[in-house]
Structures are given as C-alpha cells and as structure tokens.
1. Which whole-Hz ³J(HN,Hα) couplings does the range 95-109 yield from phi under the Karplus relation 6.51 cos²θ - 1.76 cosθ + 1.60, θ = phi - 60°, glycine and proline marked x?
2. Dipole size in debye (nearest 20) for the range 9-115 around its Cα centre, Lys and Arg Cβ +1, Asp and Glu Cβ -1?
3. Would you mind checking the range 82-98 for residues with the amide N under 13 Å from a putative spin-label position 7 Å along Cα→C-beta of Leu48?
4. Would you please state the base-10 log of I(q)/I(0) at q = 0.09, 0.13, 0.16 1/Å for the range 77-215, with intensities from the Debye formula using one equal scatterer on every alpha carbon?
5. Might you report the magnitude of the Cβ-based charge dipole of the chain about its Cα centre, with Lys and Arg at +1 and Asp and Glu at -1, to the nearest 20 debye?
6. List every residue whose amide H lies under 5 Å from the amide H of His124, counting only residues 5 or more places away in sequence or on a different chain, with H placed 1.01 Å from N in the peptide plane.
7. With unit charges on the beta carbons (Lys and Arg positive, Asp and Glu negative) and the dipole taken about the Cα centre of the chain, which residue among Ala129, Leu48, Thr151 sits farthest to the positive side?
8. What do you get when you divide the Cα radius of gyration of the range 1-141 by 2.2 N^0.38 Å, with N the number of residues?
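Please treat every number below as a calculation from the coordinates, not as lab data. This one's a predicted model, so the numbers in the text were calculated from it and none came from an experiment. Positions of Cβ are generated from backbone atoms using ideal geometry, with glycine treated the same way; all protein chains shown enter the neighbour counts.
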Amino acid sequence: MPELDDIAALAALNDSIRDLIEAARTLDAPDDVVKRATAAIDAVVDDLRPHLYTGPYQQAQLRAPADGRRELLGEEPAEFFPYSPVVGPLNPLAPPVTMHFDGERLHGEVTFGAPYNGPPSMVHGGIIALTFDELLGALNVMHDLGGFTGTLSVRYERPTPLGKPIEMSAWIDRIDGRKVYPVGELRHDGVVTARAEGIFIRSELLPQRAHDAGT
C-alpha cells in the first residue's frame, strides 16, 4: 500500500482523470482541439507507462502482501476498498460513491455524471446494479460477514436521475448458515428509485478488516 502522502497524490490524480472522463464524454469541440487533447493525453500515458503495475489486481491494495496475509485497511468502504470501481478514490472509474456505517446500516451518497448515462438523463441500469452489488457487499464486510455475490436482484421502480444527489441505504435482512441476505434502496428527494436484495455466500478466502486481524 502506498504511503499516506502518495495516497493523497494518487487520489488527486484520479480526481483529475474523472474530470477528464467527464469532459471527454460531453465534448463538442473542433477537430484541432480534439487532436491536441489526444496528443497531450498520449504523452502523459507514455510518461506513466514505465511505472505501471501489471497485476494480479485486487480492490484492497495494489500489491498483495509478501507474507500472503490479506487485510482490509481502514474502517470505511473507501478506505478498505481504495481501488473499487464504485467507492475507490484510487480508481478513476469510480463516481465515487461515499459510504458510511452507523453500526447497523450502511448509508451512501453520490451524484452520477454523464459518463454513467443510460436512458436520457437517467443513470444506466447496469451502473445501478453495480452500485447495489458494492453497497450490499460492503455492508456485509462491515458486519464481518464478507462473502461472494451469489445472486443480486434489482427492482427499478422509477428513473434514477443524472446530476442529482442520490441517497442509498442497506441492511441485513437475515442470515442462514453461510448465506447472508442483505437488502438496499436508492432514493432521490426521499423517493425510492430502485431496490435490491442479494444472497451472498460467506467465504474465508476474502480478506478481513485490519482491526479484526489484530493489527
């Protein structure tokens, strides 16, 4: 895992890349502007290429620990999944969704921009499903019930708008042996736009949070 100063620098880089993605998605510019931008981006990529890590990849850390121990660092989803495509500050594909745990439920907030567009002015249904998968999975981890997604069912009740604050929450409905049944909701202006329920299979193969591992 990078040092703290390096994490701040990487997070700032990813914020800039998110701005670039938003600009590219909404660009309406002359050819000469597009060509100059392409050349500048290619030059940056060429500068970064010698420093790229080629895997294996994981959401919790860039590199697996040398001793093989797998830990989740931090107390919130963005801290223990910094490379997540949903909450990760070190992943430019992440909106990112902000999540916080109240001891029982996991809550989240996000404003989806144009790169996440599906129907006109609405969030893509696949992005909503991805967000639910992360929301429910992270909830399980917060309860020390981390597992793999078995099934995920999403009910789209009304459009989830782009460019508007979206709130979310999730809680554990029940547990049956190794199976965990979390449920969640997305809301805009207090109105539910989508609901989800999942079946997650608990697994010892997944990493534990650092405080649970005694570090």
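1. These are the phi-based 3J(HN,Hα) values: x, x, 6, 9, 10, 9, 10, 9, x, 9, 10, 9, 10, x, 9 Hz.
2. 340 debye
3. Residues 90-94 qualify, since their backbone N sits under 13 Å from the label point.
4. Log10 I(q)/I(0), no solvent term: -0.25, -0.53, -0.79.
5. Details: 19 positive and 32 negative charges, 143 e Å.
Value, rounded to 20: 680 debye.
6. Sorted by chain and number, the residues that satisfy this are Asn117, Gly118.
7. Going by the charge dipole, the pick is Thr151.
8. Working: Rg = 17.1 Å, N = 141, 2.2 N^0.38 = 14.4 Å.
That works out to 1.19 for the range 1-141.
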